[in-house]
Every structure is written in C-alpha cells, then in structure tokens.
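The values are calculated or read from the model by the stated rules, or taken from the named source; none is laboratory data. All of these numbers come straight from a predicted model, not from anything done at the bench. We place every Cβ from the backbone using ideal geometry, glycine too, and count neighbours over all the protein chains shown. We work out accessible area using only protein heavy atoms, side chains counted, and drop any ligands, DNA or RNA first. Shrake-Rupley method; radii C 1.70, N 1.55, O 1.52, S 1.80 Å.
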Amino acid sequence: MIKFEQVSKTYPGGQQALRKVDFHIEPGEMAFLTGHSGAGKSTLLKLISIMERPTVGKVLINGHDLSNIQRKQIAYIRRDIGMIFQSHQLLMDKTVFDNVALPLVIEGYSHKEIAKRVHAALEMVGLRDKIKNSPMMLSGGEQQRVGIARAVVNKPPLLLADEPTGNLDPKLSMEIIRLFEDFNQAGVSVFIATHDLGLIARMKYRTLTLKQGQMITDGLDEEFQTDDLYV
Amino acid sequence: MSILFKGRVQGAQIAQISAAQRIVMFFVSHVRQALGSLGELWRSRTSSFMTIGVLGLSITLPSTLYVMVKNAEQVSSGWEQASQISLFLKEDASKSDVDQLLKRIQLWPEVDTIEFISADKALDEFKQLSGFGDAITYLDENPLPNVVLVTPTSRHAGPTAARLLLEKLKGEREVDIGKLDIEWLERLHGLLNVVKELVTVIALLLFLAVVLIIGNTIRLNILSKKDEILVMKLVGATDAFIQRPFMYTGFWYGFLGGVLAWFAVTILLWWMSSSIKTVSALYQKNFDITGLNFSTFMLMLAVSIFLGLSGSLLSVRRHVREIEPK
C-alpha cells in the first residue's frame with residue numbers, strides 16, 4: 001500500500017530530515033511510526049500526502065510512483081487518503097455536520113448522499129448527537145473524533161494519522177486507537193505516527209522507528225521501545 | 001475516478017445519476033456558491049459596501065461624462081442641420097445675371113431654400129443694426145455686395161457635403177466669394193473629440209485602479225480565510241473549487257457596483273438637469289438631457305462585472321495557489 005524506496009529528504013537550508021528510508025506497508029495492514037520529535041515522522045507523512053517531495057528516492061502508493069503525480073492531481077490523491085491531525089484542523093466557525101461533510105461537498109456528492117454518509121460516519125465515532133454543535137463546544141477527544149469522521153466519510157482505502165492521541169489521556173487515546181482498529185478490520189490500511197510508546201506497547205502491531213531521519217527498527221521488537229529511545 | 005486506486009469511484013460518480021441530472025447539479029452548485037458569496041458579503045457589509053462604493057463611483061464619473069458628451073454631440077448635430085452658405089456676388093453682375101443665378105440654383109437637388117439679400121437691403125439692415133446710422137450716408141457708394149443665403153437640404157447639410165456644395169456654388173460665374181459658416185462647428189467637434197478622449201483616458205485609469213483595488217480586497221479575503229483554505233486543500237479540494245467563491249465575490253462586487261453607478265448617474269443628471277435647462281433657455285433652445293437608456297445601463301453593468309471578475313482573477317490565481325499545507 002505504502003512503499004518507500006531509499007527515500008531521503010533534505011530541506012532547503014541543509015537540514016536532513018530523512019536518510020535512505022526503506023519500508024513497505026501491505027494493503028490492509030495497520031502500523032505505527034514512532035520516534036523522537038524531530039526524528040522525521042512528520043516529514044515522512046508529508047511525503048505520503050504530497051505536502052513535500054522527496055529529494056532522493058521513490059514513494060509509491062498502491063504501486064503508483066508519486067513523483068509522476070503533477071501538482072494539479074494532488075487534490076485527487078488526497079481524496080484517497082484520510083488524514084487525521086494532532087491539531088484536528090477543524091473549521092471552528094462551522095458545525096460538526098459541515099466539517100464532516102466537507103470532503104463530500106468538494107467531491108460533488110448530492111445533498112441526500114452527503115446527509116446519509118455524514119450521519120453514518122458520526123455514528124461510527126459515536127457523535128451522532130453532536131451533529132449540530134460547533135466543534136468549539138466539544139472536548140479534545142470529541143474534536144479528534146470529528147476529525148476522524150471527516151477522514152473516513154468518503155471511505156478512503158488509506159488512513160494516515162499524525163499524533164492523533166497527542167493531547168488525550170490514556171483512556172481516550174485507547175478509544176481512538178480502537179476506532180482505528182475498527183476501520184482496519186473493515187479493510188482500510190492504517191498508518192499512525194505517534195510518540196506515545198505506552199500506547200504502542202499495549203498492542204501488537206508493526207512499529208517503524210525513526211531516529212535522526214533513519215529507520216532504526218521495523219517490526220515487533222519491543223526492547224527499543226523502552227530502552228533505546230527514552231533513556 | 002481515482003488515480004491511485006483503480007476501480008475506486010470518487011465523488012458523484014458513485015451515485016448513478018444521468019448526465020442531464022449532473023448538469024443540473026453543476027448549475028445548482030454554482031448557484032449555491034454564488035448565493036453563499038452574496039451571504040458572505042452581507043456578513044461583512046461595511047467593508048463590502050466600501051469596495052462596492054469605490055467601484056460604483058469609479059464607474060459613475062466616466063459614465064456621467066459620457067452622457068454629457070453624447071448630449072453635446074446631439075445638440076451640435078441639431079445645429080449642423082441649420083448650416084447656411086453665404087454667397088457674395090461679384091459687383092459687376094447685372095440684375096438679370098443675378099436673377100438667372102437664383103433660378104438656376106433653386107433647381108439644384110442639394111438646395112432647400114435660397115434667400116436673396118440685395119446690396120441696398122443689406123445696407124439698410126446694417127444702418128439699423130450697427131448703430132453707425134448717419135455715418136453710412138456719407139459713403140459715396142454702397143460697399144456691400146449682393147448676398148445669396150443658401151440652405152442645403154438636410155441630406156447635404158453635413159460638414160463634408162456642405163463643403164462640396166460650397167465648391168460647386170463657387171464655380172458659378174456670378175459668385176465672388178462663398179462662405180460656409182461651420183468652422184466654429186468644426187472647432188466644437190474638435191473640442192468634443194478631445195473631451196471624448198479625455199473621458200476615455202480617465203475611464204481607463206479609473207478602471208485600472210478599480211481592478212487593483214478589487215484584487216487587493218480579494219487578496220485580503222483570501223488571507224483571512226487561510227485556515228479554511230488549508231483544511232480544504234488537505235481534504236482534497238482543487239484550486240478551482242477554492243477559487244470559485246472568491247470569483248463570485250468579485251462578480252457581486254461588479255454587479256452591485258454597476259447598479260450603484262446607475263443610481264449615482266441618474267441622481268447626478270437629475271440634479272444637473274435644472275441648471276442645464278437654464279443654460280438652454282438662455283440659448284432659446286428647447287433641450288432635454290437624455291439620461292441612461294437600457295442598453296447603456298447594460299453596458300455599464302457589463303463593464304462593472306468585467307472589472308470585478310478581472311480584479312478577483314488577478315489575485316485568486318496567485319494567492320490560492322500560494323496557500324499550501326506545510
């Protein structure tokens with residue numbers, strides 16, 4: 001589903017964010033990406049959503065080389081990727097319904113279809129009763145779930161999450177992760193960047209670890225999680 | 001259709017709707033965005049009204065000048081019709097020669113009426129009107145020539161046609177000098193042309209200023225919605241989709257500015273009509289100023305909308321493109 005081949009990214013100014021990163025996430029897989037802040041997690045996600053382009057190497061999604069995607073096509077690529085952000089990126093002056101409906105409005109769904117799908121998505125994240133509220137009136141966990149509803153409302157085959165549990169307590173974080181598991185069960189590939197190691201430790205998922213832009217572990221090795229990173 | 005995932009349908013394709021329905025949906029969504037932009041203008045009405053005011057008044061000035069020039073042209077074309085040719089006859093032309101000449105000219109198709117003023121009659125008139133009175137009696141002989149006033153038919157009253165007629169009349173044996181009294185008219189025309197060009201230049205400068213002002217206003221609109229645009233881009237909105245509401249904002253600025261300009265011009269003309277009436281009464285001319293007719297109004301509206309759209313196009317392209325999620 002996501003494949004990196006010898007990817008390096010150097011920002012203008014010489015800061016090297018990624019060095020020869022290689023990995024492959026299979027379709028339908030759920031995986032975590034971890035590492036210190038500044039290790040290159042965000043850069044890696046940005047390369048997948050084409051907010052940045054790699055300096056060297058290839059990024060492929062479903063076998064398609066993203067370097068062949070022109071600027072005009074990026075919008076269409078993003079419709080295939082559900083993205084979830086630590087800062088939610090919700091529109092605070094719109095209702096929950098409008099926020100979740102946004103991707104469908106952009107894609108030109110009919111009014112009826114939009115209402116149906118938004119209700120279904122909010123049902124999944126358990127916010128059916130908050131549909132007319134403003135995101136401002138919701139708690140942090142609820143706001144994050146609105147963001148998730150928006151990411152999945154057009155049923156993308158791939159979900160990317162950047163620190164989705166960043167500001168949440170462990171219980172709420174677990175709820176969010178359970179949601180991702182549900183989507184994964186339904187066949188969606190899920191790729192989550194987080195530095196919440198406690199959360200990862202409680203689950204047996206493939207974990208990719210970045211350190212100073214290099215991929216240092218890939219797999220279910222648990223030792224690094226406690227020893228190597230946070231000493 | 002998705003680029004990355006073969007077989008995955010995106011958007012409206014999933015709903016099995018006919019092409020006709022899709023076209024209807026296209027217009028429905030456009031109307032919705034247009035009304036949305038109008039609502040947006042209403043929510044920030046103070047600043048919107050200022051922009052619309054700038055646009056409207058910038059169009060009012062050239063429009064009013066245009067109406068004035070058009071009216072002046074109309075008035076002067078009315079005068080043109082009355083242009084007369086004065087023929088001063090040779091002194092040695094005998095009475096019968098003159099009679100012959102009058103008869104001949106009268107038959108020309110270009111000539112409407114002729115009036116013969118004999119030298120004696122002219123001297124009498126001069127005595128009465130000039131105030132020299134008795135002084136003239138001391139003259140040995142009448143220094144004035146016989147004069148024929150020729151009024152061309154309306155078809156030959158225009159400056160060039162009248163000039164041709166003049167040349168033809170000058171060719172007559174009895175005629176000494178011919179004079180076409182339209183030089184002042186030509187001067188007036190020249191002046192009007194200068195004014196017209198001035199109006200065009202002023203209009204172009206104002207229009208350019210309007211485009212820049214609207215461009216800047218839309219730029220500020222875009223920047224104030226930066227967060228929203230970022231989110232829209234993150235969830236897959238194309239630049240065209242994001243640009244559309246701003247284009248509609250430009251459209252509404254233009255439309256409302258055009259309507260405002262029409263009101264302003266109408267009020268201005270109404271205000272000035274009484275003073276214009278006084279002037280035309282002094283010249284003993286019955287003259288009503290022609291205001292804006294429907295087609296002029298439509299032209300104003302079209303220009304105004306064009307300015308609004310080009311202003312927004314100017315900034316929308318660049319600034320929507322510039323905002324990219326980082």
Rounded to the nearest 10 degrees, what's the angle between the helix B:239-282 long axis and the longest principal axis of chain B, both from Cα atoms, 0 to 90?
20 degrees
For the full complex of protein chains and a 1.4 angstrom probe, list A:Tyr109, A:Tyr205 by accessible area with the highest value first.
A:Tyr205, A:Tyr109
Put B:Trp270, B:Trp108 in order of accessible area, largest first, 1.4 Å probe: what do you get?
B:Trp270, B:Trp108
Cross-link candidates for A:Lys3: which aspartates and glutamates have Cα within less than 20 Å, leaving aside residues fewer than 8 places away along the same chain?
A:Asp22, A:Glu26, A:Glu29, A:Glu52, A:Asp65, A:Asp80, A:Asp162, A:Asp218
B:Glu110 accessible area, assembled protein chains, probe 1.4 Å, Å²:
30 Å²
List the chymotrypsin sites (Phe, Trp or Tyr not before Pro) within the range B:34-135 that fall in a DSSP loop (any state other than H, G, I, E or B) and whose Cβ has at most 15 other Cβ atoms within 10 Å.
B:Phe132
What size of dipole, in debye to the nearest 20, comes out for the protein assembly as shown about its Cα centre when the only charges are +1 on Lys and Arg C-beta atoms and -1 on Asp and Glu C-beta atoms?
2460 debye
With 27 Å as the limit, write out which pairs from B:Lys170/B:Lys196; A:Lys72/B:Lys326; A:Lys20/A:Lys155; B:Lys95/B:Lys170; A:Lys94/A:Lys155 have Cα-Cα distances beyond it, or answer none.
B:Lys170/B:Lys196; A:Lys20/A:Lys155
Express in Å², to the nearest 10, the accessible area of B:His189 obtained by rolling a 1.4 Å probe over the protein heavy atoms while all chains stay in place.
70 Å²
Full-stretch length increase - B:Glu91, B:Ala20 - with 0.36 nm per residue and alpha-carbon distance subtracted:
16.7 nm
Förster radius 41 Å - calculated FRET efficiency between B:Leu299 and A:Tyr11, Cβ distance, rounded to 0.05
0.15
Buried area at the A-B interface (accessible, heavy atoms, 1.4 Å probe, summed, Å²):
3000 Å²
Separation in nanometres of the label points that stand 7 Å from Cα toward Cβ, at B:Thr200 and A:Ser134:
5.4 nm
Of the peptides B:300-310, A:182-192, how do they stack up when ordered by the mean number of other Cβ atoms within 10 Å, highest first?
B:300-310, A:182-192
So, with points 7 Å from each Cα along the Cβ direction, the B:Leu57-B:Val28 label distance in nm works out to 4.3 nm
Let me check against my output: what whole-number percent is the relative contact order of chain B, with C-alpha pairs under 8 Å and at least 6 apart?
27 percent
Averaged over residues of B:236-246, the number of beta carbons from other chains lying within 10 Å of each residue's Cβ is 4
Could you tell me the distance between the Cα centroids of the range B:197-220 and the range A:128-191, to the nearest Å?
49 Å
With every protein chain in place, what's the accessible area of B:Leu314 (1.4 Å probe, Å², nearest 10)?
100 Å²
Rounded to one decimal in nm, the spacing of the 7 Å Cα→Cβ label points at B:Asn216 and A:Glu26 is 6.2 nm
For helix B:119-130, report the angle its Cα long axis makes with the longest principal axis of the Cα atoms of chain B; keep it between 0 and 90° and round to the nearest 10°.
60 degrees
Heavy-atom surface of the range B:85-179, accessible at 1.4 Å and reported per residue (Å²)
64 Å²
Excluding same-chain residues fewer than 8 positions from B:Lys121, which aspartates and glutamates have a Cα within less than 14 Å of its Cα?
B:Glu141
For the range A:111-186, state which trypsin sites (Lys or Arg not before Pro) are in a DSSP loop and have at most 16 other beta carbons lying within 10 Å of their beta carbon.
A:Lys132
With R₀ set to 30 angstrom, the calculated FRET efficiency between the beta-carbons of B:Gln128 and B:Lys179, to the nearest 0.05, is 0.85
Amide hydrogen neighbours beyond the local backbone of A:Gly57, cut-off 5 Å, H modeled
A:Ser8
Note the full-extension length gain between B:Val69 and B:Asp112 as 0.36 nm times their separation in residues minus their Cα-Cα distance, in nm to one decimal.
12.5 nm
Per residue of A:102-114, how many C-beta atoms from partner chains lie within 10 Å of its own C-beta, taken as a mean?
6
